[in-house]
Amino acid sequence: MSPGFQTKGLRSVLRRLGFAAVGATALSVSLGFSTSAQATSPAWTQLTPTTSPPARYVGDQMAYDAATRNVVLFGGYGGGFLGDTWTWNGTNWTHLSPKTSPAQRDNASMAYDPASKKILLFGGNSNGSPITDTWTWNGTTWTKLSPKKSPSPRFAASIAYDPASKKVLLFGGDDNGHFVSDTWTWNGTTWTNLSPKKSPSARAWASMSYDSATGQMVLFGGYGGGYLSDTWTWNGTTWTKLSPKKSPSSRSAASMTYDPTTATLLLFGGDNHTTSTEFGDTWTWNGTTWTELSPSKSPSPRDGAGLAYDQRTGNVVLFGGEQTPTSDLADTWKWG
């Protein structure tokens with residue numbers, strides 16, 4: 001669901017232009033979980049829940065809610081803009097019916113905020129227009145907030161909770177065709193625009209997650225007029241570009257989260273339409289370099305899958321995504 005004008009068909013062309021663009025990183029949130037390593041090598045396993053959300057491109061609209069111990073999924077794009085709320089309890093998906101909900105959208109940015117014990121949702125693309133609203137989920141319903149200051153309307157921004165500053169960090173995004181490179185924090189009440197001395201170039205659909213093992217925020221790749229493969233860290237004050245010996249190839253809309261069982265970041269999939277590639281590879285980041293793994297079984301190649309660490313089960317859970325050219329998916333996988 002990152003840009004790909006030549007291979008996705010009319011639906012994807014319109015979405016890349018802001019009429020239905022989806023995805024963001026599959027940004028997921030790390031909450032400083034235990035980093036004890038497990039004895040056996042982790043692997044992908046497809047699950048067979050009795051109920052599932054309809055097929056969709058999820059992107060960054062899935063996060064683990066530590067307060068309720070459920071993974072929460074909101075909206076996305078699957079044949080149209082969606083505004084439904086689902087929870088995953090480690091075994092099955094449940095469709096909820098909250099009294100109040102954000103408007104249907106894709107490309108929103110969502111992360112769990114331990115300070116407020118609520119999930120935070122910002123912006124996205126609603127029926128072709130980038131938006132700038134802020135919502136929280138308390139386990140029962142959605143509440144629209146009215147912060148004094150907010151980032152400009154945008155979709156596909158990267159988001160994750162930063163335990164070091166005890167704030168949610170948001171970076172970049174696409175403001176209807178204009179890529180941005182600003183850095184914002186959310187303190188539970190309002191947004192603050194930071195001015196770091198150095199920043200990644202303007203982009204959307206980048207993968208971002210907090211690395212509990214190193215105590216740094218990590219950002220990888222994305223799209224900003226071209227597909228990217230650079231790795232950056234945020235230390236609470238500024239961004240630093242790293243030079244790992246090995247990296248995943250240039251891509252956007254890859255799904256990434258911290259896996260405390262291996263004390264590494266886990267990255268899966270993404271796309272690069274310049275090379276007509278939909279990825280199904282699995283990578284880990286150990287704080288120094290990227291390592292490509294070779295699991296015996298994997299989800300099919302896709303971009304924009306929802307990805308989050310499920311503390312209840314001790315596994316990473318993956319749901320849905322889009323498979324070239326325009327096939328939305330509804331399968332559920334676990335890694336661990």
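The values are calculated or read from the model by the stated rules, or taken from the named source; none is laboratory data. Owing to the predicted nature of the structure, the values given are computational and were not obtained by experimental measurement. FYI the Cβ positions are ideal-geometry reconstructions off the backbone, even for glycines, and counts take in every protein chain you see.
If only residues of segment 143-167 that are in a strand (DSSP E or B) and of a type in the set (Gly, Ala, Ser) are counted, the one that is nearest to Tyr112 (Cα to Cα) is Ala160. Restricting segment 249-258 to residues that are of a type outside the set (A, V, I, L, M, F, W, C) and either buried (at least 24 other Cβ atoms within 10 Å of the Cβ) or modelled with pLDDT under 95 (or both) leaves a set whose member that is farthest from Asp328 (Cα to Cα) is Tyr258. If we scan segment 81-88, do we find a residue that is in contact (Cβ under 8 Å) with a residue 24 or more places away in the chain, under 26 Å from Gly224 (Cα atoms) and under 18 Å from the mean Cα position of the chain (by Cα)? Yes, the conditions are met somewhere in segment 81-88. Gly236 satisfies every condition listed in (1) in a loop (DSSP other than H, G, I, E, B); (2) loosely packed, with under 15 Cβ neighbours inside 10 Å except (2).
Just for segment 69-80: of the residues that are assigned to a loop (DSSP other than H, G, I, E, B) and surrounded by 15 or more Cβ atoms within 10 Å (Cβ to Cβ), which one is farthest from the chain's Cα centre (by Cα)? Residue satisfying both the conditions and the ranking: Arg69. Say whether the condition of being in contact with a Lys or Arg (Cβ under 6 Å, 6 or more places away or on another chain) and over 20 Å from Pro260 (Cα atoms) is met by at least one residue in segment 201-209. Within segment 201-209, not a single residue is in contact with a Lys or Arg (Cβ under 6 Å, 6 or more places away or on another chain) and over 20 Å from Pro260 (Cα atoms). Strands (runs of 3 or more DSSP E) fully within segment 168-212 that include at least 3 residues being free of Cβ contacts under 8 Å to residues at least 40 places away in the same chain and more than 13 Å from Tyr223 (Cβ to Cβ): 179-186. The residues of segment 165-183 that are closer than 20 Å to Lys197 by Cα and of a type in the set (Asp, Glu) amount to a single one, Asp182.
All of (1) over 19 Å from the mean Cα position of the chain (by Cα); (2) surrounded by 17 or more Cβ atoms within 10 Å (Cβ to Cβ); (3) within 23 Å of Met208 (Cα to Cα) hold for Leu47 with one exception: (3). Of all residues in segment 93-103, at least one satisfies being buried (at least 20 other Cβ atoms within 10 Å of the Cβ) and either at pLDDT below 95 or not in a strand (DSSP E or B) (or both). With respect to the numbered conditions (1) under 16 Å from the mean Cα position of the chain (by Cα); (2) more than 15 Å from Tyr57 (Cα to Cα), which one is the sole condition not fulfilled by Gly304? Result: Gly304 passes all but (2). Scanning segment 307-333 for residues that are outside any strand (DSSP E or B) and of a type in the set (Gly, Ala, Ser) turns up just one, Gly314. In summary, Ser146 fulfils each of the numbered conditions (1) without any contact (Cβ under 8 Å) to a residue 24 or more places away in the chain; (2) buried (at least 16 other Cβ atoms within 10 Å of the Cβ) with the single exception of condition (2). Just one of the listed residues (Asn107, Asn127) is over 16 Å from Thr68 (Cβ atoms) and under 18 Å from the mean Cα position of the chain (by Cα), namely Asn107. For residues that are assigned to a strand (DSSP E or B) and either surrounded by fewer than 16 Cβ atoms within 10 Å (Cβ to Cβ) or among the aliphatic types (A, V, I, L, M) (or both), tally how many sit in segment 213-222. The total comes to 3. Of the residues making up segment 275-287, none is closer than 21 Å to Asn70 by Cβ, out of contact with any Phe, Trp or Tyr (no Cβ under 6 Å at 6 or more places or on another chain) and either modelled with pLDDT of 95 or more or surrounded by fewer than 17 Cβ atoms within 10 Å (Cβ to Cβ) (or both). The residue of segment 255-306 that is farthest from Ala206 (Cα to Cα), among those that are part of a loop (DSSP other than H, G, I, E, B) and of a type in the set (A, V, I, L, M, F, W, C), is Ala263. Condition check for Gly225 on (1) within 30 Å of Thr274 (Cα to Cα); (2) assigned to a strand (DSSP E or B): one failure, at (2). If only residues of segment 149-169 that are surrounded by fewer than 17 Cβ atoms within 10 Å (Cβ to Cβ) and among the small types (Gly, Ala, Ser) are counted, the one that is modelled with the highest pLDDT is Ser152.
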